[in-house]
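The values are calculated or read from the model by the stated rules, or taken from the named source; none is laboratory data. All values reported here derive from a predicted model rather than from experimental measurement. Here the Cβ positions follow ideal geometry from the backbone for every residue, glycine too, while neighbour counts run over all protein chains shown. We work out accessible area using only protein heavy atoms, side chains counted, and drop any ligands, DNA or RNA first. Shrake-Rupley method; radii C 1.70, N 1.55, O 1.52, S 1.80 Å.
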Amino acid sequence: MSDTFADIGLGADLVAELASLGYEEPTPIQRAAIGPLLAGRDLLGQAATGTGKTAAFALPILQRIAGERPAPGRPLALVLVPTRELAVQVSEAFHRYGRKLGTAVVPIYGGQEFHRQVAALRRGAHVVVATPGRALDHLRRETLDLGDLRMVALDEADEMLDMGFAEDLELILEAAPESRQTALFSATLPPRIASIAERHLRDPERILIARDAAKPGSMPKVRQVAYIVPRAHKVAALGRVLDLESPTLALVFCRTRIDVDELADRLAGRGYTVASLHGGMSQAERDRVMTRARAGSVDLLVATDVAARGIDIEHLTHVVNFDVPSSAEAYVHRIGRTGRAGREGVAITLVDPRAHRLLRNIEQATKQRVTICTVPTPRDVKARRMDVTRAAVRDAVAAGDLDAFRTIAESLASEFDPMDVAAAAIRLAHEAAEGDGSDQEEQHIPVIESFARPKPAPERPQGGDMVRIYISGGSKMGMRTADIVGAIANEARINPRGIGDIEIAETYSLVELPARDVDHVIRALRGATMRGRKLKVNRDLGIRPGK
Ligand code: AMP
């Protein structure tokens, strides 16, 4: 378990870069994939977003092509991804990891001007990160040549197939030299993926998700909840959840050292007493933190997995995963820190919408349900604080021993309405308890629940709630299903599975969409380009252009 990045074969430059990014150790997928990829093996990996899969293929690619110079328009590595966002994210990751190696990375995707991409390719790119449709366009225009490719990575292959890119993938893989190395990553491995792997990978190393992370009966007694929150809103969301849960002591896990410092700072700003623990601290510093935590003078302990290893704190009431951990094993290990000594513990996981599949893998591996909850509103938090005050006053009344205050109460009651006196006293107690940790951020946190559970439902909404839209471009301008699905998924961000029949005529195309998405999709597509052009998009009125 304790292999370092250097142990699994990465060179000093990459290791140093990872340390400066605050990565403390490889994730399980990285541990399994990097060695074989460095050794030149093909790879078939089952990995969802959030497992660290990007680095699992980016690091070996960077190392294997370091020091080589690409010819204009002839990259040494190609990464195919389903969406524009992913193209940008993955090329940013390459850029970050490859800073010391001077690797040139170019993202190419639909919607961006062609000539800019052509210019970037011409300057010479070590790595091209592309959506399949756009990569194929460049191949056809001969602005991209795959003749020098040493490595190809397919990222989120199942998504690419869902978006209708199967044919494009085949064409691209056929244009790459046979001698190249191929890595295929996919969150799921349906037969269609197996068949691509069969045809395009050579004796691949297979990395599959462990089915059972926990032995039956070995799971601790822990209430497991999750909140689906985009990254930008996580701190605010966590603040509210903690306000509501009022943990005695919570252990909050982050992925990197840098995340630990940043989160600790921001939570301290919300009025919590916070201490942090990470692998960059000396043993003496860690011991000091642990002494404070055990003494009960810390509310929140923010830590990386490495730093928290071996920590055992009796009164830990909550474990928080600020991100979904990179494997089911890590999840089980983390949440096992609470719920000790027969007390019920609470495990809270904040899930970026993109990482929801990882949460599902964890549920499958642990055979336990994680309840998806809605982030409390500021009103919920206020109500909860009132409850706490009410309970505190009630306890104080029940405990008696009020003689010292009774005289004051009596004298005030002769002057004012006794109910007013009591209300004012409660208000003072409430405000004193609240301190300055009140919810300064009344920011709006989007509620995301749509994919909370896999629906056993059909692939797309059935019944009469599909509406057809008209797009003013068809086969004559080279329009393909993948262009339409890609544009809808990228621009309107709706799940491509919801898209119904697509008919591509010579000069126009018709697309069926769930009625509730139609207006949104039309608006989104109006600003978009398909096959390099801005097209008219309307609800279909049955009017067809003359031939
Ligand atoms: P991915 O699954 O590739 O989308 O990565 C998920 C996140 O984990 C990204 O934000 C990465 O920066 C981060 N990450 C990847 N590998 C590691 C690691 N070994 N340690 C800490 N964070 C990592």
Return the residues of the range 71-91 that are charged (D, E, K, R) and more than 15 Å from the ligand (Cβ to nearest atom); say none if nothing qualifies. 74, 84
Could you say whether any residue in the range 217-230 is more than 16 Å from the ligand (Cβ to nearest atom), of a type in the set (Ser, Thr, Tyr), farther than 21 Å from residue 380 by Cα and modelled with pLDDT under 90? yes
The range 49-70 - residue that is open to solvent by 10 Å² or more (accessible area, probe 1.4 Å) and more than 8 Å from the ligand (Cβ to nearest atom) and, of those, nearest to residue 93 (Cα to Cα): 63
Determine, yes or no, whether residue 354 is within 28 Å of the chain's Cα centre (by Cα), open to solvent by 20 Å² or more (accessible area, probe 1.4 Å) and within 25 Å of residue 258 (Cβ to Cβ). yes
How do the pairs read when you match residues in the range 12-31 that are under 24 Å from residue 46 (Cβ atoms) with residues anywhere that are open to solvent by 50 Å² or more (accessible area, probe 1.4 Å) and near the ligand (Cβ under 7 Å from one of its atoms), using Cβ under 8 Å and keeping only pairs 6 or more apart or on different chains? 23/255
Determine which single condition residue 329 fails, assuming it passes every other condition in (1) open to solvent by 10 Å² or more (accessible area, probe 1.4 Å); (2) closer than 21 Å to residue 446 by Cα. (2)
Please state which one of 161, 146 is open to solvent by less than 30 Å² (accessible area, probe 1.4 Å) and part of a loop (DSSP other than H, G, I, E, B). 146
Scanning the range 1-48 for residues that are out of contact with any Gly (no Cβ under 7 Å at 6 or more places or on another chain), assigned by TED's automatic domain parsing to the domain that holds residue 77 and near the ligand (Cβ under 8 Å from one of its atoms) gives 18, 21, 22, 23, 25, 26, 47, 48
Can we say residue 273 is within 14 Å of residue 250 (Cβ to Cβ) and open to solvent by 50 Å² or more (accessible area, probe 1.4 Å)? yes
Limited to the range 171-202, what total is found for residues that are open to solvent by 40 Å² or more (accessible area, probe 1.4 Å) and either farther than 22 Å from residue 498 by Cβ or in a loop (DSSP other than H, G, I, E, B) (or both)? 14
In this structure, is residue 96 surrounded by fewer than 20 Cβ atoms within 10 Å (Cβ to Cβ) and in contact with a strand residue (DSSP E or B) (Cβ under 9 Å, 6 or more places away or on another chain)? no
